[in-house]
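Notes for the one structure printed next.
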Amino acid sequence: MAEQSHLTQHIESFVDSSRTSTQLAASLDAVASLVKTDALTIESLVREMGMYLTTTDNIVRARGILLLAEVLKCIESKHLESATIHSLIGFFTDRLADWKALRGALVGCLALLKRTSSAGVVTGSDAKVAAQSYLQNLQVQSLGQHDRKLCFELLDCMLERYPKAVAELGDDLIYGICEAIDAEKDPECLMLTFHIIESLVQLFPDPSGPLASFAGDIFEILGCYFPIHFTHPKGENVDVQRDDLSRALMSAFSSTPLFEPFVIPLLLEKMSSSLQSSKVDSLKYLSNCSSKYGGDRMTKHARAIWSSLKDAILSSLQEPVFLSSSELTDGLDFQDNEIVTEALSLLEQLIMQNNDLLLSLIVGDEDVNMIFNSTTSYEEYNDISLQGKQKLHAIGRLLYITAKTSIASCNIVFGSLFSRLMDLLGFSMRNTSGDSLLIDDYVPSERLHFGGLYLAIEMLSGFRNLIAGSENLILQSLSEHEICCGMLCSFSTSLVKAFGSILATSSNNGPLDSDIYIGVAGLQIMATFPGDDFPVTKYIFENILVTFMSIITSEFNKLTLWKLALKALVRIGSFIDRFHQSERASSYCHIIVDNLVSVVSLDDSIMPLLVKLEALSAIGTSGMNYMMKIARGLEEAIFSNLSDVYVHGNLKSVEIVVQLLECYSCKVLPWIHEKGGAEEVVMQFAFNIWSQIENCLDFSVHVLEKGLLNATMKAIKFAVSSCSVENQNIIIQKAYSVLASNTSFQLNESMFISSSIELEGLQLSPKAYNLSQRDEWILSLFASVVIAVYPQTHIPNIRAILHLFLTTLLKGVVPAAKALGSMINKLVQKSNGAEVSNDCTLEEALNMIFDTKIWFDDNGILKRCGGLGNSSGVGLTDLCLGVANNRLLQVHAISGLAWIGKGLLLQGHQKLRDVTMIFLDCITSGRIRGALPLMQHFNGFFSTMVPILQSLIVRSDSSFSRSLLYRAFVHIMSETPLVVILGDAKKLIPILLDCLSMLTEDIPDRDLLYGLLLVLSGILTDKNGQEAVTENAHIIINCLMTLIVYPHNTLVRETAIQCLVAMSELPHVRIYPMRTQVLRAISKGLDDSRRAVRQEAVRCRQAWASIASRSLRC
Amino acid sequence: MVSGLINANPILYEKKERRARSAPSVADEYAVEPIDQQEIFDHIRDIKDPEHPYSLEELKVITEDAIEVDDQHSYVRVTFTPTVEHCSMATIIGLCLRVKLMRSLPSRYKVDIKVAPGSHATEAAVNKQLNDKERVAAALENPNLVDMVDECLAPSFN
């Protein structure tokens, strides 16, 4: 009973029109869940609702029916008995006549008709009755938008779900639908209506069926929407966009061939419209419709379509942009607009469909013929009028598409137009067999006509793309009997000769030389026909390569030509690679790659090395095989030059080898690495570098200069880092053996652990401070290997290496310090059972680094280094703190510590804290200014550093150490991203201000001061920062006011004043008390010696003066 | 207030191009850049005419040549040319010029504002009024006048 009364309550609540929408939803949910959980059957709900469904009160009845309908919508997947469904659909069908309570009826019908078969569905006959009732009773266009939408959804659902049942209604259905959709304007409803049409025409596919007589009527309704004119602004909350509507309408247009007599004339008419979107739409629709309607139906429109198509292309093509960015595209490609793109794709579609008629139209077209006849009257591109250029371009595009579409169309184009063109150009048929080029007496006697060659290139590139686009299918079936092949074979010699002669005579007048373009593009197309010897012979192909190659090696002063030729060669190379043309690949290798490689090692002064390398690395990108060859060639050159350096100390070779290494590591290696699969070569390179060092016992010491060392290190790093762990292991073993056997370093593991060892007398006088150059060289290279390896790679004798790096970094070998930092970063923390490839843990390494002691003799010579825990020596920490009383040593120690700190930072290791403390101790106790900039290594550790620094600052008693700490703080701060600082702005501002006032006193700190001020201005201009600033407004303003007269840096004064301007935006209460003071201070800014400062001062004064008063006291 | 505009149809002139200053040499941080004609002109060129939405520069009420400045002796004189001879806005324009310069120049400066000779019917009276400290101070006590001046000056602060 309780449920019963609840139910009544919910129903009452739903029919009460004064309730809010959330209340309505709540009561609907309550009722629906009762039904869902079987607490209430749908039958008893209907019984319970009885009165509400039948009362004569329109409003209550409408709400009641809607409630029932909504409940049905909620239980769509719940199984219902067929009898129940029958009676429910009967009820709602009936209610469709009740226009005052229509919403509920529509929702109910829709909910029932949408049901899936597992939950019980409406029978076909019931659906038919519902449809009948719909057609009889509903005046769709007189309803509101939402009801109309429901009506269309219902109709759409009937057509989709019960096609057979509704089809029986025949003419009535078609007529009813026409009536319902006529003059619909709402976009969402239109999407539905377009789909309804599509579904409808599928019901009556018979060309003599009921639809046939109505096709005209339906299209009359549909046609007026074309082209879609969409006035809803973009920002409005409409889900449907113009494109959606346009697509939906297009599929309605093309849904049945019965529309063809109406659609095509309409589209052709709209194509002549001046509206761009209308043209584009017409072309798209034509393309879509012609594919759906089929070739037969389209034939009768071919003539009309061709003429509008041609007009569209002619009127919308721009002037071709030659070489705008020295880009040589595949074939001739220009920036086409949307109309042209659509028009050309339509043309392609039509040619595929009905070949002969359209082709004969194209070949016989008067515009085409006119262009052909006029080509002879122009010699140069620039002679042609703008209109002429556009026409030429348009016809070129048309011919390209025609040639590209099919073999048949290609044959026709070549048979009629190409042969005529050849005549016009003065070429005659030639025997194709073999080396006719040599004995050929054909010499282009006069300048060739640009237009003719241009058209020839378009046709050839169409033909080429036709063959290349279809994989091997067409190529295999091609024979000389095909007209296009025959033509190509006959004229290829003349064409190549013509293009070549154009290039030979071309001057490098300007960047936009159309001759160069034509020549290069023509040769490139001729060289990129698939097939090793057919349709373009190997002989001709090789001839083209030779032509290009001679440009590369001798015409590098003509930059445009050279670049284009190089690009063409790269394209040819990648084309060969893509089509696996084995014979051509070997020609390419032989003529281009081998020659270029030999040119590189050739020591001639004609072609600059950089130019050679540019060509070489570019050619390499056209295929892995070529790149490998080139890599090997480069390696040979590198090694021969290196040995020249090592043995003879040849300074010229240094220069060469640096460039070679640069090219190898920046261009070749990254490309190989990206493509993958050629690791062996890279590994071998790194390995060979070590072998060579090993074999060169005598270094010609004086030439080992920094530039070469850096280039070699870079190359080794690149090479090693692109190897796998296994190969890295091989390389590092090799490197280690060289290091161990070829240097004076002693790497016996036992010796420094057991007892202290004597190093090679590290004298601490600057003169004797140097390692032998050869040792340093090898050590630096070894360090770069260590830096590049993966953490998993095994570093041999790791303890000795750590030790070696540690001692050498004290001698100022920076790579050693970096390598040590990198090792720290890669070592595993604590060997908790996990597999450790290096038998040394991070902790162990750290202990070693910080516990190793160093001894000095009386003369301050670093005597021994090693041993743990002995108290008589000094450790790295002490060195940093300056115990050894040797500045150079201390600086080196600190720089090493910084790199170790960086490694720890990346590991996130606790020890970093200790390192930081050492650092800060250095700062407070020592006089090492040089350590301060190194603080920026720690900026990633900002949140830890700041509290440490803060507490140190508080505790420090001497003003000197405090000032150093402040400086450290500034260094960290100015390198930290603003976002991080903003998060902590409140805490930081007091220190920041202390720093500011401290730095104000010292001239050498002016740049530091400026950096800090920029941080402050960053905080000020950020929304979150402003909150933090507000609290300290008083102090900040005071501080900034003193900076207005900071004499040593204009930028500081300017920025301080800008900060003050920003401060004037803060809440009035906070800043008002300061106003008079600020105005007084800023008046000094008005009299600044620098104009920029004065200008800012005027702005600032205005900002502060106007915060309080409407009148400004002067 | 007069109901119609005093000069309903002023002639507009092109704005002078903003000359970019050659960047101060980085080498000498302590070099002095004295206040010059162009700087003064930059201060006042964008002041809006009281009755038109145009700047004084566009109306050629002021030109760069009509500014005399002596930084050493802290003296500046601006001579302006009202668009019509009987312009009753001349005093307002003069007041705007004076206020703007007072706010933009160091306090050591003495500012003279003059109507160009022969360009105004009551030239002497206007000049006297503009250079009388007491009268200027009194004018700035008048809230209506101050509002007007502030409105004219607003574009020159951007």
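The values are calculated or read from the model by the stated rules, or taken from the named source; none is laboratory data. What you are looking at is a predicted structure, and each value in this text was computed from that prediction instead of being measured. Using ideal geometry, Cβ is built from the backbone for each residue, glycine included, and neighbour counts are taken over all protein chains shown. Heavy atoms of the whole protein, side chains included, go into the accessibility calculation; ligands, DNA and RNA do not. Shrake-Rupley method; radii C 1.70, N 1.55, O 1.52, S 1.80 Å.
See the values below:
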{"quantity": "Surface accessible to a 1.4 Å probe, residue A:807 within the full protein complex, Å²", "calculated": "10"}
{"quantity": "For residue A:951, solvent-accessible area (1.4 Å; no DNA, RNA or ligand), Å²", "calculated": "50"}
{"quantity": "Around residue A:58: net Lys/Arg minus Asp/Glu count, Cβ-Cβ under 13 Å", "calculated": "+3"}
{"quantity": "Accessible area of region B:44-146 belonging to carbon and sulfur atoms, whole % at 1.4 Å probe", "calculated": "50"}
{"quantity": "Charge sum, other residues only, whose C-beta stays under 13 Å from residue A:632's C-beta, Lys/Arg counted +1 and Asp/Glu -1", "calculated": "-3"}
{"quantity": "For B:142-150, mean number of other protein chain Cβ atoms within 10 Å", "calculated": "2"}
{"quantity": "Shielding score for A:1092-1104, defined as the mean number of other chain Cβ atoms within 10 Å", "calculated": "3"}
{"quantity": "Region A:81-166 - convex hull of alpha carbons, volume per residue in Å³", "calculated": "79"}
{"quantity": "Chains A and B, summed buried accessible surface - 1.4 Å probe, Å², nearest 100", "calculated": "2200"}
{"quantity": "Mean-position separation - Cα centroids, region A:564-581 and region A:783-810, in angstrom", "calculated": "44"}
{"quantity": "Cα gyration tensor shape for region A:981-1114, rounded if a/c is under 1.5, else prolate or oblate", "calculated": "oblate"}
{"quantity": "Derived scalar couplings ³J(HN,Hα) [region B:98-104; Karplus, 6.51 cos²θ - 1.76 cosθ + 1.60; whole Hz; x for Gly, Pro]", "calculated": "5, 4, 4, 5, 4, 7, 9"}
{"quantity": "Solvent-accessible surface (1.4 angstrom probe) belonging to residue A:22, in square angstrom, nearest 10", "calculated": "100"}
{"quantity": "Net dipole in debye of region A:544-647 [+1 Lys, Arg Cβ; -1 Asp, Glu Cβ; about Cα centre; nearest 20]", "calculated": "500"}
{"quantity": "By average C-beta atoms within 10 angstrom, highest first, the peptides A:343-354, A:136-147, A:664-675", "calculated": "A:343-354, A:664-675, A:136-147"}
{"quantity": "Cα-centred dipole magnitude for region A:1-75, charges only on beta-carbon of K, R (+1) and D, E (-1), debye, nearest 20", "calculated": "180"}
{"quantity": "Kirkwood-based shape ratio for region B:18-119, expressed as Rg/Rh from alpha carbons", "calculated": "1.02"}
{"quantity": "Per residue, in Å², the accessible surface of region A:520-650 once ligands and nucleic acids are set aside, probe 1.4 Å", "calculated": "36"}
{"quantity": "Proximal charge balance of residue A:621 [Cβ under 15 Å; K/R count +1, D/E count -1]", "calculated": "+4"}
{"quantity": "Cα shape, region A:170-273, gyration tensor, a/c 1.5 rule", "calculated": "oblate"}
